[in-house]
Amino acid sequence: MATSSDNRRTVTIAEIATLAGVSVPTVSKVLNGRADVAASTRARVEAILEEHSYRRRRGRGSGDPNLIDLVFHHFDNAWAQEVIKGVEDAAAAHRVGVVLSELGGSHRPQQELIDDILARRPLGVLLVLSSLDATQRHQLESRSIPFVVVDTWGEPPAGVPTVGSNNWNGGLIATRHLLSLGHRRIAVIAGPPDVLCSRARVDGYRSALEEAGIRPDPELVRWGDFHVDGGYHHGLELLSRADRPTAIFAGSDYQSLGVMRAVRELGLSIPEDVSVVGYDDIPLAQWLGPSLTTVRQPLREMAGTATEMVLSLAAGQHPANLRIDLATELVVRESTAPAPAGTV
């Protein structure tokens, strides 16, 4: 039996089965993510579950695993490893295991993964730079499986719990730092334009320029992919211009690596000819030559906060704040210096 969202009546599995014209075991199979149900039957049952705001009671069976699912759009880099470490540390403190899944670069899970999650019946789900469509959200909600989005890739629907960092401030403080060094032609190589944190960092960059009385030059704003090759190709194009920028703010430390290679190939030097600022402060940043000035994003803290939130939701608690943005800070190292003479 489950309670409808208005708390005025209860809806039983038997009633759902009658409305769908199927057996009670079939409804149970759908609820548990079993694969041996025809797609049309599954869709019919899911529609009725949603129509009647079905919610499985939160109580868990003794055989249910003490797990959370961690779903990444992509995890083949140090950024992802920091997030994974943060989740594992927080989960281990509660003696909870972690199941890791990757979406191959996609920002939305395939239905097969959702079915696997339903079959596992985890305590909750963490989605990193990925999200669920309305149907998938209802599938988890109807089974009382809470979910939290970490570093959301788009504007989340109202009521969806999220944990991130202040990306607008990150873009602002990175650009202000370069302005304080006398740079005026400052380029930005952002992440993908459809990712919320990318746009927020560029907005912070533009705000800092406008604050200094500088009109942002659209030619100096490039949209990359957060990866090394994006930083490299955009870096080559920007630094090959006759009016090349004296500083580049990259939307990730990995893009900064690509910019650094482009600088070397063009016979330029960092920071004498061009200053470079990254984003994230992955462990590698301090070991580069020169070491990288970057915006520190508290990745492990974000991951730990999200883990605590999803476990609280699983325990039936309701955090006062379902949208948390942690602070970002600038870490100044060797890759930034005053603008070259004659460029101010």
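The values are calculated or read from the model by the stated rules, or taken from the named source; none is laboratory data. All of these numbers come straight from a predicted model, not from anything done at the bench. Because the Cβ atoms are built from the backbone with ideal geometry, glycine has one as well, and the counts that use them run over all protein chains shown. The protein model used for the area step is the full one, side chains on, heavy atoms only, and it has no ligands, DNA or RNA in it. Shrake-Rupley method; radii C 1.70, N 1.55, O 1.52, S 1.80 Å.
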- Task: Considering only H94, H73, H107, give the residue with the highest GNM mean-square fluctuation for the chain, with springs between Cα atoms whenever their separation is below 10 Å.
- Result: H94
- the range 182-253 and the range 290-335: distance between their alpha carbon centers, rounded to Å: 24 Å
- Note on the structure: By the Kirkwood definition, with r running over pairs of different Cα atoms, the range 156-223 has a hydrodynamic radius in Å of 12.6 Å
- Note on the structure: Inverse of <1/r> over all distinct C-alpha pairs of the range 87-209, i.e. the Kirkwood Rh in Å, gives 16.6 Å
- Message: What percentages make up the Cα-Cα pair-distance distribution of the range 232-305 when the bins are 10 Å wide from 0?
- Response: 20, 51, 21, 7, 1
- Query: How far is helix 196-211 tilted, in degrees, relative to the longest principal axis of the Cα atoms in the chain, given as a value from 0 to 90 rounded to the nearest 10?
  - Reply: 40 degrees
- Task: Determine the per residue accessible area of the chain with all protein chains present and a 1.4 angstrom probe, expressed in square angstrom.
- Result: 43 Å²
- Calculated [θ] (222 nm, deg cm²/dmol) that DSSP helices of n ≥ 4 give over the chain, each run adding -39,500 (n - 2.57): -12500 deg cm²/dmol
- Order of 317-329, 219-231 by packing, highest average Cβ count within 10 Å first? 219-231, 317-329
- Note on the structure: Dividing the mean separation of Cα pairs under 8 Å (6+ apart) by the residue count of the range 123-236 yields a relative contact order in percent of 22 percent
- Order the peptides 175-184, 40-49, 116-125, 153-162 from the highest to the lowest mean number of other Cβ atoms within 10 Å of their residues. 116-125, 175-184, 40-49, 153-162
- Message: In Å, what Kirkwood hydrodynamic radius results for the chain from the alpha-carbon pair distances?
- Response: 21.9 Å
- Task: Return the FRET efficiency for the residue pair E329, A47: r is the Cβ-Cβ distance, R0 is 45 Å, and the value is rounded to the nearest 0.05.
- Result: 0.40
- Message: Modelling each spin label as a point 7 Å along the Cα-to-Cβ direction, I'd like the R137/V99 distance in nm, to one decimal.
- Response: 2.3 nm
- Task: Can you work out the PRE-style zone for R34? Point 7 Å along Cα to Cβ, and I want the residues of the range 121-152 with backbone N under 18 Å.
- Result: 121-122, 143
- Task: Normalising by the residue count of the range 204-344, find the relative contact order in percent from Cα pairs under 8 Å and 6+ residues apart.
- Result: 21 percent
- Portion, in percent, of the accessible area of the chain that falls on carbon or sulfur, probe 1.4 Å: 51 percent
